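Reading through the structure tokens given below for one structure.
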Amino acid sequence: MEVIVMSERDRTFNAYNLPLLRDVELTGAWDVPALAPCDEVPDDLVGFNYVKSLRGGGFAP
């Protein structure tokens, strides 16, 4: 039986899902993932607290 010993660094790396960022471009002082520009403009905005208070967590009509 083979025992795999992970270091604390490896456990932290996996706990924060950092392997998902291996192929992602990171920018800025805090290495935030870069987002592609978007020209989409919503028709209407709903406040966070209003959406949060809806039954079932659905979106406003």
The stretch 1-30: GluC sites (Glu not before Pro) falling in loop per DSSP and having at most 15 other Cβ within 10 Å:
GLU2, GLU25
Got a sec? What order do ARG9, ARG22 fall in by accessible area at 1.4 Å, biggest, i.e. largest, first?
ARG9, ARG22
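The values are calculated or read from the model by the stated rules, or taken from the named source; none is laboratory data. Owing to the predicted nature of the structure, the values given are computational and were not obtained by experimental measurement. Quick reminder, even Gly has a Cβ in these numbers, built from the backbone with ideal geometry, and neighbours come from all protein chains shown. For accessibility, only protein heavy atoms count, side chains too; no ligands or nucleic acids. Shrake-Rupley method; radii C 1.70, N 1.55, O 1.52, S 1.80 Å.
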